[in-house]
Amino acid sequence: MNRILAKTLLRPVVWVIYAALAAGLLYGIGYLVQLNGPTYFAQAILDGLRLGFVYALIALGYTMVYGIVRLINFAHGDVFMVGAFASYYAVARYGWSFVPAILFAMVICLLLNIVIERVAYKPLREAPRIASLITAIGVSFFLESFTALRFAFSADYITYKRPFEVTVWKFWGLSITNATVIIVGVTLALVLGLQYVIRRTKIGKAMRATSLDKSAARLMGINVDGVITFTFALGAALAGAAGTLYAIAFPQIWTFMGIMPGLKAFTAAVLGGIGSVPGAFVGSLLMGTVDVLVVSFLPLGSRLRDLFAFLVLIVVFLVKPTGIFGEPQVEKV
Amino acid sequence: MQLLQVDNLHVAYGAIRAIQGISFHVDAGEIVTLIGANGAGKSTSLRTISGLLRPYRGDILYQGESIVRTSPERIVKAGISQVPEGRQIFSTLTVMENLQMGAYTRRDPQEIESSMQRVFRSFPRLQERQSQLGGTLSGGEQQMLAMGRGLMSMPRLLLLDEPSMGLAPILVDEIFEIIKAINAQGTSILLVEQNAAMALSIADRAYVLETGRIVLEGDAKSVLRNPQIREAYLG
């Protein structure tokens, strides 16, 4: 009884807090707009969303794999890096155009992740969860360091050769490049395609069933190991596309390039609610926007951006660990 | 004809021996029930038949062939389907999608559709609620969905684990009527129940389990009349 009373009395207080937050947000936006002008602000938002679209493709892999095997696959950012290099070789060495190059990157990453899952994670399926987590970190280090060897990708920064010339269009003072349009377009197409696979196809329904209850899924005759492999492959294909798009936006690649985008996409997935596909998408757009706003407005912003990204992670864990779209209790045995 | 034959089965969870040498069989067309208290090994038996657990000794023959090394999906495909304890509905899948998962091992969309219609005839309420999420159904409806889902693979043998658990008496009657109807249409049934009176009232034969061993077997009527059983399970 007391608890209910306390809750009723607290409700207006919560509203006041939300109102204060909203007012603060509006004031902040107003402040930023008048600081350097509305065009500068709008450009920052635009660039932030573009970055967010790339994060989304990475975050989806984290969230899908987590949803199915409850594993944070820390090697996912490095699969993204391999995607960037795969498309680099396709374009710079073999002279392929954009579409075959991005498809090549997706296929390479997909195969790589299937091998990783079979070799590193599958033997640990019945082991305590911490074992797979440590293994994921190990796989991450291995991929970064192995690919940095001279006979692999080498440890140098490499200038990424874009598969097309960049053209810039101006709209009301905003600059939009064809690269931006391609990044947004490809991401939207992939996300909608993914949503179709998960919602409508037989294997997608089996993925959802498996993530809810593995033993019931087995009793339906679902090959759970196959579904898990499929999920890893699907996430990796998206990471391969993300690697290609990221390199087109920021055309300098090296073997440690996956760490920060990987961690930020992971943060975005947690922000949206780990395990939730729409959550990963929305969280990523927010994450990308925060990232670029920090760079655009704070002094030393380009050095502080990572600090802010992980501040977001800490705040989410403190305030709402289940994230925006997360269900109250995800754990199930 | 013996459809399922369990022969001297031993199953352990680590060091705990849940089943210590049980043998029983189900003939084609029969309803056979395993009754016994909590922890007697009833669910473990069903999970082992479905291939979720591996026995460390003994054998399970289905239509004369051993299935103890067979994967769960092949066992479903061969014609053994299980409706698990606690129903294990996929809560954020719709009723329709839950049923589709039951038909996961089948290919022909027309045959799947006709099975779906048959399930809807047995459980009209599922048809009304086909686009609702499984988790939003009441307990009785969830049990019906679990049974409908189990039938979607067109099993020759249906394993039912505690179908009456947590249901109001009137729903229990309804569920048992449906079990009889499913059996009358030619599906053999292996029923695990704590509600021994109910199970014995519809079964042809019964086995009584106690701490991993069969202590009594016989046709359901004679088990029902056994004074020790009356005292221990029927109050």
Total lysine pairs whose alpha carbons fall under 22 Å of each other in the protein assembly as shown (8 or more apart, or interchain): 17
Hey, got the dipole for region B:90-154? About the Cα centre, +1 on K and R Cβ, -1 on D and E Cβ, debye to the nearest 20? 100 debye
Kirkwood hydrodynamic radius of chain B, Cα pairs, Å: 18.0 Å
Toward the positive end of the charge dipole of region A:156-210, about the Cα centre and with charges on Cβ (Lys, Arg +1; Asp, Glu -1), which of A:210, A:159, A:180 goes farthest? A:210
Within a Cβ distance under 15 Å of residue A:149, other residues only, what is the Lys/Arg minus Asp/Glu net charge? -2
Whole number please: convex hull volume per residue of the Cα set in region B:36-108, in Å³? 120 Å³
Mind grabbing the interface size between B and A? I mean buried accessible area, both sides, 1.4 Å probe, in Å² to the nearest hundred. 1900 Å²
Could you pull the Cα extents of region B:90-154 along its three principal axes, largest to smallest, in whole Å? 31, 22, 17
Using the eigenvalues of the Cα gyration tensor, what equivalent ellipsoid semi-axes result for region A:1-155 when each is taken as the square root of five times the eigenvalue, whole Å, largest first? 41, 29, 13
Tell me the accessible surface of residue A:16 in square angstrom (1.4 angstrom probe, heavy atoms of protein chains only), to the nearest ten. 100 Å²
Solvent accessible area, Å² - residue A:169, 1.4 Å probe, full protein context: 110 Å²
Magnitude of the charge dipole, the protein assembly as shown, Cβ model with Lys/Arg +1 and Asp/Glu -1, debye to 20: 820 debye
Over all directions, region A:90-233 yields a Cα convex hull whose mean projected area in nm² is 12.5 nm²
Threshold 40 Å² - residues in region B:41-60 whose accessible area is reduced by that much or more when the chain is no longer isolated, probe 1.4 Å: B:52
Based on alpha-carbon centroids, what's the gap between region A:93-123 and region B:152-227 in Å, whole number please? 52 Å
Relative contact order of region A:56-258, defined on C-alpha pairs under 8 angstrom at six or more residues apart (%): 44 percent
Report the net charge of residues surrounding residue A:111, where surrounding means a beta-carbon distance below 13 angstrom and charges are Lys +1, Arg +1, Asp -1, Glu -1. 0
With a ≥ b ≥ c from the Cα gyration tensor eigenvalues, square-rooted, and the rule rounded for a/c under 1.5, otherwise prolate when a/b > b/c and oblate otherwise, the protein assembly as shown is prolate
Counting only protein heavy atoms and a 1.4 Å probe, tell me what percentage of region B:90-154's accessible area is made up of carbon and sulfur. 48 percent
Would you please classify the overall shape of region B:1-139 from the alpha carbon gyration tensor, given that a ≥ b ≥ c denote the square roots of the eigenvalues, rounded means a/c under 1.5, and beyond that prolate means a/b larger than b/c while oblate covers the rest? prolate
Counting only protein heavy atoms, probe 1.4 Å: which residues of region B:71-86 lose 50 Å² or more of accessible surface in the full assembly compared with their chain by itself? B:73
Here, region A:169-328 modelled as identical Cα point scatterers in vacuum has Debye log10 I(q)/I(0) at q = 0.15 Å⁻¹ of -0.97
Rg/Rh of chain A (Cα atoms, Kirkwood Rh), to two decimals, equals 1.00
Rounded to a whole number, what is D in µm²/s for region A:234-306 from Stokes-Einstein with the Kirkwood radius over alpha-carbon pairs (4 °C, 1.567 mPa s)? 98 µm²/s
Residues other than residue B:78 with Cβ under 14 Å of its Cβ, Lys/Arg counted +1 and Asp/Glu -1, net out at +3
Taking the full set of protein chains and a 1.4 angstrom probe, give the accessible area of residue B:111 in square angstrom, rounded to the nearest 10. 90 Å²
How far apart, in nm, are the 7 Å Cα→Cβ label points at residue A:155 and residue B:15? 5.0 nm
For region B:111-235, the Rg and Dmax computed from alpha carbons only, in angstrom: 16.0, 49
Run the quick spin-label model on residue A:122 and residue A:89: label points 7 Å from Cα toward the beta carbon, then report their separation in nm to one decimal. 2.3 nm
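The values are calculated or read from the model by the stated rules, or taken from the named source; none is laboratory data. Computed from a predicted structure; not experimentally measured. Reconstructed Cβ throughout: ideal geometry from the backbone, glycine too, with neighbour counts over all protein chains shown. Note: areas computed on protein heavy atoms with side chains; ligands, DNA, RNA excluded. Shrake-Rupley method; radii C 1.70, N 1.55, O 1.52, S 1.80 Å.
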